[in-house]
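Undergrad: This structure is in structure tokens; I'll ask about it shortly.
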Amino acid sequence: MSFIFISYSRQDQAYVRTLVQALQSHRLPIWMDNRIDYGTDWPDVIEEHLEQSAIFLLVMSPRSKRSHWVKCELTRALELKKPIFPLLLEGRQWLQVATIQSVDVVGGKLPEARFFDALRRYFPIPVETAESLPVRAVVKEQIRPAPTPPIKMPTKTAEIALKSEKGVDYTRLQTLLKAQDWRAADRETTHRMLEAVGRDEDDWIRPEELANFPCADLQTIDRLWVKYSNGQFGFSVQKQIYVECGAQLDGLYPGDKIWNEFCRRVGWMNGKNSYVSYSDLIANPQKSPTGEFPYVLGRIVRVFFVLGWEGFFSRIQTCKL
């Protein structure tokens, strides 16, 4: 059964919850990523449901504009030529949907009733609706929402395979990430990466070791971070941001401008191009800049500057993360 796919920043959850209640009161089927079961392959679930959706509902704000995964979702929706309904919650209209009329919901207001009527046209089975009532009245009177139709979840492996080319055990890293102990998981990531290249925990990783880091270990670490942070943290997330800042991943130093922009985007630098202290990192996927963690190479870069990162990101590209 088709449904409405809602793309949004988790920092806008309070508004999205109200929006969902209004959609359900109009008997409109919805899907959002807070319904993903633990143990599923998160990016694949997102992609599958986006492809199955009848409508792509985009909640635009400065926070969602900064979200790596909202950008990915919008790009995929455009590729699939999905009907896109942008809601402007805060900020300005996005360039990617500049030709599509957006609905003004600035200040947290709900769309007018005719907006829900427009959505309903995409669902062929006529359903009983609350169209005769103003939307605010529907929400205020707590009309019991219709249950969202069950959606078949993809059959995925329950847990990420903790593969390693070097015999490294990533069980503790998985446990810490499940518990959302991001700083402890960050330290554990550093230690296991050192182990993977044959270094002691008080040692450091050389640039050539980063450029040839074992792919299986890199994939395991990245998939764990991406999964348990809901796509906000991870090396592949950082690599995407690095490329968006203008890096070419050719092994050459990209220049201070690109490197500093990357560090500002992930929250490692302030506006004065000074590194922030580790204790000042937010370490919360719902509030942190996308890509803030792992901070493993944020430590190493103090010694090797950006050459270690450049080689490592090139390796991520080679390993197809």
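Undergrad: Would you mind checking K257/K320; K71/K227; K82/K239 for any pair whose Cα atoms are more than 21 angstrom apart? Write down the numbers at each step before the final one.
TA: On the way: K257/K320 26 Å; K71/K227 18 Å; K82/K239 28 Å.
Table pairs above 21 Å Cα-Cα are K257/K320; K82/K239.
Undergrad: Then there's this: If one computes the Cα centroid of segment 188-208 and of segment 74-108, what distance in Å separates the two points?
TA: 44
Undergrad: Taking H placed 1.01 Å from N in the peptide plane, check which residues at least 5 places from M269 or on another chain put their amide H under 5 Å from its amide H.
TA: Under 5 Å from the amide H of M269 lie the amide H atoms of R264, V276, each far enough along the sequence or on another chain.
Undergrad: Still on this structure, please answer the following. Beyond 19 Å, what share of the Cα-Cα pairs of segment 171-318 remains, rounded to the nearest whole percent?
TA: Numbers: 5235 of 10878 pairs.
Beyond 19 Å sits 48 percent of the P(r) for segment 171-318.
Undergrad: Which of the GluC sites (Glu not before Pro) found in segment 161-225 are loop residues per DSSP with 16 or fewer other Cβ atoms within 10 Å of their Cβ?
TA: Working: sites: E165, E188, E195, E201, E208, E209; in loops: E165, E201.
In loop regions of segment 161-225 (DSSP not H, G, I, E or B), the sparsely surrounded GluC sites (Glu not before Pro) are E165, E201.
Undergrad: Note down the net charge around A14, summing +1 for each Lys or Arg and -1 for each Asp or Glu among other residues with Cβ under 15 Å from its Cβ.
TA: Details: positive: R10, R17, R63, K109, K287; negative: D12, E90.
In short, +3.
Laboratory data are not the source of any read-out in this text; all were calculated from the coordinates shown. Here the structure is a predicted model, which is why all the values come from computation and not from measurement. When we count neighbours, we look across all protein chains shown, and the Cβ atoms used for this are built from the backbone with ideal geometry, even at glycine.
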